[in-house]
Amino acid sequence: MSKAKLFVISGPSGCGKGTVLVQLLERHPELFYSVSATTRAPRAGMETDGVQYHFLSREAFEEMIRRDGFIEYKQYCDNLYGTPRQPVEDAMAAGRSVILEIETEGMREVVRQYPDCVTVFIAPPSLEVLAQRLAGRQSESEEKRNKRLRRAAEELMRKNDYQYVVVNDALEDAVEALDQIYCAEIEK
Ligand code: ADP
Ligand code: 5GP
């Protein structure tokens, strides 16, 4: 009998979390991907409201904080990001495994609330490759990229706080590694 679990995935911006997770979700449509809310603007041509994120004004985000609508929320590079509570609780109540893709501070908060969750850090092969991927995505100005790269160095120091570390070098290998973690964990 497999057991539904809560998975928390982190990794520095540009390491390929989104890319790896899209492929994992194609393999496992039974998984529930938690769509976070953010005050960041959508990336033109790359993101749709309600798919990658719920894009909220700061006022709407703060109203959701007041209504206790988030499991956790954090500030990251000048914007707020949070995990909406209701959809995650509904999915878990329905017996589905859930994936949260959140940064390292949020991970600690989720572990406090859900000590049985499974934590996975996705790491780039190196900081140089990370910088190349971030630049290649063409989603941020150079100034914003540099801010994210500084934050990446801090986040990489946290990788040993996670139960699993997957290096996203060749994409297929990273997807396969995450798939194996998922399958092994729900069979435990
Ligand atoms: P994140 O969600 O962690 O911020 P993305 O999934 O947006 O990162 O990936 C950042 C960029 O790196 C994208 O342009 C993506 O196509 C590319 N990418 C992701 N994984 C790989 C990989 N294994 N090899 C080469 N490029 C990758
Ligand atoms: P991006 O702007 O690149 O989409 O995301 C920036 C960072 O915010 C990433 O590290 C991502 O994992 C994190 N993030 C996305 N959603 C959430 C969330 O709901 N909570 C927290 N704490 N971090 C999030």
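The values are calculated or read from the model by the stated rules, or taken from the named source; none is laboratory data. Bear in mind that the values here come from a model prediction, so they are computed numbers and not experimental data. With ideal geometry, Cβ positions are generated from the backbone for all residues, glycine too; neighbour counts draw on all protein chains shown. For accessibility, only protein heavy atoms count, side chains too; no ligands or nucleic acids. Shrake-Rupley method; radii C 1.70, N 1.55, O 1.52, S 1.80 Å.
Applying the selection to the stretch 73-105, what residues are closer than 24 Å to Ala41 by Cβ and polar (S, T, N, Q)?
Gln75, Asn79, Thr83, Thr104
Quick check: anything in the stretch 52-60 away from ligand 2 (no atom under 13 Å from the Cβ), surrounded by 14 or more Cβ atoms within 10 Å (Cβ to Cβ), among the aromatic types (Phe, Trp, Tyr) and within 25 Å of Ala123 (Cβ to Cβ)? Quick ask: steps written out before the conclusion?
Kept after step one, since they are away from ligand 2 (no atom under 13 Å from the Cβ), are these residues of the stretch 52-60: 57-60.
Narrowing further to those that are surrounded by 14 or more Cβ atoms within 10 Å (Cβ to Cβ): none.
No - not one qualifying residue is present in the stretch 52-60.
Does any residue in the stretch 101-121 that is among the hydroxyl-bearing types (Ser, Thr, Tyr) come within less than 7 Å, Cβ to Cβ, of a residue that is at pLDDT 95 or above and not in a strand (DSSP E or B) six or more places away or on a different chain, and which pairs are these?
Thr104/Glu155; Thr104/Arg158; Thr119/Met107; Thr119/Val111; Thr119/Tyr162; Thr119/Gln163
With the requirement that a residue be farther than 19 Å from Ser10 by Cβ and in contact (Cβ under 8 Å) with a residue 40 or more places away in the chain, what does the stretch 79-95 give you?
Pro87, Ala91, Met92, Gly95 - these are the residues of the stretch 79-95 that are farther than 19 Å from Ser10 by Cβ and in contact (Cβ under 8 Å) with a residue 40 or more places away in the chain.
State which residue pairs qualify: first residue assigned to a helix (DSSP H, G or I) and inside the stretch 20-36, second residue surrounded by 15 or more Cβ atoms within 10 Å (Cβ to Cβ) and β-branched (Val, Ile, Thr) in any location, beta carbons under 7 Å apart, and separation of 6 or more residues or different chains.
As it stands, the answer is Val20/Ile122; Val20/Val175; Leu21/Ile9; Leu21/Ile99; Gln23/Val175; Leu24/Val175, since those pairs meet every condition given.
Hey, among the residues in the stretch 122-155 that are within 11 Å of ligand 2 (Cβ to nearest atom) and of a type outside the set (D, E, K, R), which one's surrounded by the most Cβ atoms within 10 Å (Cβ to Cβ)?
Result: Ile122.
Strands (runs of 3 or more DSSP E) wholly in the stretch 50-154 with at least 1 residues that are closer than 24 Å to Leu178 by Cβ and among the charged types (D, E, K, R) - which ones?
70-76, 98-101
Each row is one residue, and each column tells you yes or no for (1) under 18 Å from the mean Cα position of the chain (by Cα); (2) open to solvent by 40 Å² or more (accessible area, probe 1.4 Å).
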{"residue": "Ile65", "(1), (2)": "no, yes"}
{"residue": "Asp78", "(1), (2)": "yes, yes"}
{"residue": "Thr83", "(1), (2)": "yes, no"}
{"residue": "Ala93", "(1), (2)": "no, yes"}
{"residue": "Ile99", "(1), (2)": "yes, no"}
{"residue": "Glu105", "(1), (2)": "yes, yes"}
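How many residues are under 19 Å from Leu156 (Cβ atoms) and within 8 Å of ligand 2 (Cβ to nearest atom) if we restrict to the stretch 9-41?
So the answer is 8.
For the stretch 132-148, check the following and say yes or no: at least one residue is of a type in the set (Ser, Thr, Tyr) and under 14 Å from Phe7 (Cα atoms). Explain how you work it out, then say what you get.
Pass one, the stretch 132-148, residues of a type in the set (Ser, Thr, Tyr): 139, 141.
Narrowing further to those that are under 14 Å from Phe7 (Cα atoms): none.
The answer is no, given that none of the residues of the stretch 132-148 is of a type in the set (Ser, Thr, Tyr) and under 14 Å from Phe7 (Cα atoms).
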